[in-house]
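Colleague: Quick one: structure below, then a few questions.
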Amino acid sequence: MADDARGVAPSTAASGTLGLGSFVAGPENRLAAATLERFFEIFRQVPKPTNGEGALTNGNEPADAPSLAHLSPVVFHGVPGTGKSHLVHGLVTAWKQERPDDNVVLLTAAEFAQQYAESVEKWAVGQWRGRFRTADLFVLEDLLHLSAKPAAQGELLHALDELADHGGFVFLTSRLSPHELTSFLPALQSRLQAGLCVPLVVPEMEARRKILGLLCATRQLTLSDASLRLLARSLPMSVPELSGVLASIALAAQSAGHAVDDKFVQTYLARHCAARHPPLRTIAAHTARHFGLRVAELRSGSRRRGVVLARDVAMYLSRQLTGKSLKQIGEHFGGRDHTTVLHGCRKTEALLNTDQATLEAVTTLRQSLASG
């Protein structure tokens, strides 16, 4: 069912021809695709108000006019790498193209909490609130960063109410669904649950095949359809992880002076799969040796740059190559909590696309773990 994986490009609502700005949705993520399609279908039917009373509705539309108010806030939730940020950043870009004069605010929850604290210290809370409580579109990423910040949670609750009053629309992202945010204020948790909660999951095979094709195009890497299908079937991974594997394949082929043909991909996968479940102690030992460190340093509280990088790489490989949970990985690497492990993994995933030394380290370690 190759045609079952489709793309939703926020700038055009739905598209069969995809670029990196599009979200590839198989049946497993069809709700997210349908949500954005419906959003932009209504969005284009509602005229932009000229009286400043709201971006989407101003209370003066006919009774049968389409409305988006009943959808807000929309909460996209799922594990990292499922496309939450991809969707909301695409939404922001599309909104600005459609309505360049609108007030569009995009923040991470960490930035929201930090800005709130700074505004309190400077006695400038009112000025800070004015920048986003009148937004036509307000996007807040990674709600979990507000877990231990009840004051910022209260501020967000009031912001949601004011945004709703003037017709602003809200998109939020979270690693946990609203009902799992048990550390949140009950009123805020209830407010989030009252909106539209949209789960996102790791793409299934046909979506992965299409995503791999798009990633190959951006890397100017040519793979046969047979290789794309083999990779998609063998690698049940998130998009950043798939991108990291393609980078590793390209580098391994370059180092070996070999074309990236079907045989090379099969050989790579054979080694990759053989290294899928090494013990955590083996990953730690290989990584420490590669970076010229002791295993004890990886498990220590050291914040030296070289130690942090090596520790993040080790935790990233542990997450990719073992069936261990984030909590189990954190416990092995010095009793760190799951959010620290997750942060280290995400940093490493980002570096795979921007830092050649990190890419080479991960590739080399994968090969050494595969060979035992």
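Bear in mind that the values in this text are calculations on the coordinates, not laboratory data. The model shown is predicted, which means the values in this text are computed figures rather than measured ones. Because the Cβ atoms are built from the backbone with ideal geometry, glycine has one as well, and the counts that use them run over all protein chains shown.
Colleague: So which chymotrypsin sites (Phe, Trp or Tyr not before Pro) in the stretch 117-179 are both in a DSSP loop and have at most 14 other Cβ atoms within 10 Å of their Cβ?
Modeller: The qualifying sites are W123.
Colleague: Figure the gain on full extension for Q328 and A117 (residue separation times 0.36 nm, minus the Cα-Cα span) and round it to one decimal in nm.
Modeller: Taking 0.36 nm per residue and subtracting the Cα distance, the gain is 72.6 nm.
Colleague: P(r) of the stretch 178-285 in 10 Å steps, Cα pairs, percent per bin?
Modeller: 12, 34, 22, 16, 12, 3
Colleague: Out of the stretch 219-310, which trypsin sites (Lys or Arg not before Pro) are coil in DSSP terms and have no more than 15 other C-beta atoms within 10 Å?
Modeller: Those that pass, being in a loop and sparsely packed, are R219, R276, R294, R303, R304.
Colleague: Additional query: Between R30 and S85, take the C-beta separation as r, use R0 = 22 Å, and let me know the FRET efficiency to the nearest 0.05.
Modeller: 0.70
Colleague: If amide hydrogens are placed 1.01 Å from N in the peptide plane, which non-local residues have theirs closer than 5 Å to the one on F23?
Modeller: Answer set, sorted by chain and number: V8, A9.
Colleague: Taking 7 Å along the Cα-to-C-beta vector as the label spot, tell me the S255-A296 distance in nanometres, rounded to one decimal.
Modeller: 3.0
Colleague: Could you work out how far apart the two model spin labels at A285 and E37 are, taking each label as a point 7 Å from the Cα in the direction of the beta carbon, and quote it in nm?
Modeller: It is 5.3 nm.
Colleague: Quick one: dipole size for the stretch 119-183, taken about the Cα centre, charges +1 on Lys/Arg Cβ and -1 on Asp/Glu Cβ, in debye to the nearest 20.
Modeller: With Lys and Arg at +1 and Asp and Glu at -1, about 200 debye.
Colleague: Once fully extended, how much extra length lies between S190 and R303, figured as 0.36 nm per residue of separation less the alpha-carbon to alpha-carbon distance?
Modeller: That pair, S190 and R303, stretches by 36.8 nm at full extension.
Colleague: How about the stretch 103-189: which GluC sites (Glu not before Pro) there lie in a loop by DSSP and see at most 12 other Cβ atoms within 10 Å?
Modeller: Of the GluC sites (Glu not before Pro), not one in the loops of the stretch 103-189 has a Cβ with at most 12 other Cβ atoms within 10 Å.
Colleague: Once the Cα atoms of the stretch 125-198 are picked out, what are the Rg and Dmax in Å?
Modeller: For the stretch 125-198, the Cα radius of gyration and maximum Cα-Cα distance read 11.8, 33 Å.
Colleague: Starting from the Cα-Cα distance between D225 and N103, subtract it from 0.36 nm times their residue separation and give me the gain in nm to one decimal.
Modeller: Answer, rounded to one decimal: 39.5 nm.
Colleague: I want the local charge near L160. Using Cβ-Cβ distances under 13 Å, sum +1 for each Lys or Arg and -1 for each Asp or Glu among the other residues.
Modeller: -1
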